[in-house]
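Asks: Next up is a structure, given as structure tokens.
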Amino acid sequence: MIEVQENKYGKGVYAVTHISTGTHIAPWCNYVSEEELLSIPKDKRNIDHVTKIASHRYTLKSEKVDDYFNHSCDPNSGLCFDGENVFLVAIRDIVPNEEVVWDYSTTIDKRAIEMFPEWKMVCGCGAANCRKIVDSFDTLPEKVRAQYAKLGILPEFLRDGSIVQ
């Protein structure tokens, strides 16, 4: 269904076949607690591959396909939270040879920004609605936050009512 290919960012994940809306594309791997994450020396954390999936739970670089999905401000997929498991799911149909991308801001809150102030990401996705910088969820326009909430691609810590009404 998908394969890792070279692209302008280094590598990305592309659809090999048609992927229908709602299809689980790939699992997220290598779960750690916040305590485990913070016990890793700063120079070994590789924060470019840290994804916050719960208030005090993260995923790290896994050496699997989940390491290669790139960001877009106009994503075709998002993370789905199913109990203890996290999957990337198609939020619209994805055609063959299209890059499978998700919005990294859907897992970033102010606490993550405070914990990792050295992490910054300039966006070069090229989408018409490109925000030019990847930042925390609360910086997204209200319409975008509401759309992501409706699609069910937000972790509980962003669905708790403090950000999404």
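The values are calculated or read from the model by the stated rules, or taken from the named source; none is laboratory data. Owing to the predicted nature of the structure, the values given are computational and were not obtained by experimental measurement. Here the Cβ is made from the backbone with ideal geometry for all residues, glycine too, and neighbour counts use every protein chain on show.
Asks: Evaluate the range 8-28: report whether one residue or more is within 21 Å of ALA149 (Cα to Cα) and of a type in the set (Lys, Arg).
Replies: No, because not a single residue in the range 8-28 is within 21 Å of ALA149 (Cα to Cα) and of a type in the set (Lys, Arg).
Asks: So, one more: Do the conditions hold for GLU3, that is, is it exposed (fewer than 13 other Cβ atoms within 10 Å of the Cβ), modelled with pLDDT of 95 or more and either outside any strand (DSSP E or B) or in contact with a Gly (Cβ under 6 Å, 6 or more places away or on another chain) (or both)?
Replies: It is false that GLU3 is exposed (fewer than 13 other Cβ atoms within 10 Å of the Cβ), modelled with pLDDT of 95 or more and either outside any strand (DSSP E or B) or in contact with a Gly (Cβ under 6 Å, 6 or more places away or on another chain) (or both).
Listed here are the residues, each with its yes/no results for (1) modelled with pLDDT under 95; (2) touching a Ser or Thr at 6+ places or on another chain (Cβ under 8 Å).
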{"position": "ALA90", "(1), (2)": "no, yes"}
{"position": "PRO96", "(1), (2)": "no, yes"}
{"position": "LYS120", "(1), (2)": "yes, no"}
{"position": "GLY126", "(1), (2)": "yes, no"}
{"position": "CYS130", "(1), (2)": "no, no"}
{"position": "VAL134", "(1), (2)": "no, yes"}
{"position": "PHE137", "(1), (2)": "no, yes"}
{"position": "GLU156", "(1), (2)": "yes, yes"}
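Asks: Further, regarding this structure: Considering only the range 48-99, state which residues are among the hydroxyl-bearing types (Ser, Thr, Tyr), within 16 Å of CYS29 (Cα to Cα) and either touching a helix residue (DSSP H, G or I) at 6+ places or on another chain (Cβ under 7 Å) or not in a loop (DSSP other than H, G, I, E, B) (or both).
Replies: Those that are among the hydroxyl-bearing types (Ser, Thr, Tyr), within 16 Å of CYS29 (Cα to Cα) and either touching a helix residue (DSSP H, G or I) at 6+ places or on another chain (Cβ under 7 Å) or not in a loop (DSSP other than H, G, I, E, B) (or both): THR51, TYR58, THR59, TYR68.
Asks: Follow-up. Output yes when any residue across the range 127-146 is buried (at least 20 other Cβ atoms within 10 Å of the Cβ) and within 16 Å of PRO27 (Cα to Cα), and no when none is.
Replies: No: zero hits.
Asks: What is the residue count in the range 28-47 for residues that are of a type in the set (Ser, Thr, Tyr) and either part of a strand (DSSP E or B) or modelled with pLDDT under 95 (or both)?
Replies: Residues flagged as of a type in the set (Ser, Thr, Tyr) and either part of a strand (DSSP E or B) or modelled with pLDDT under 95 (or both) within the range 28-47 amount to 2.
Asks: Here are ILE113, ILE94: which of them is β-branched (Val, Ile, Thr) and out of contact with any strand residue (DSSP E or B) (no Cβ under 8 Å at 6 or more places or on another chain)?
Replies: Residue meeting the stated conditions: ILE113.
Asks: Would you mention how many residues in the range 37-79 are among the basic types (Lys, Arg) and either surrounded by 14 or more Cβ atoms within 10 Å (Cβ to Cβ) or under 18 Å from VAL122 (Cβ atoms) (or both)?
Replies: 4
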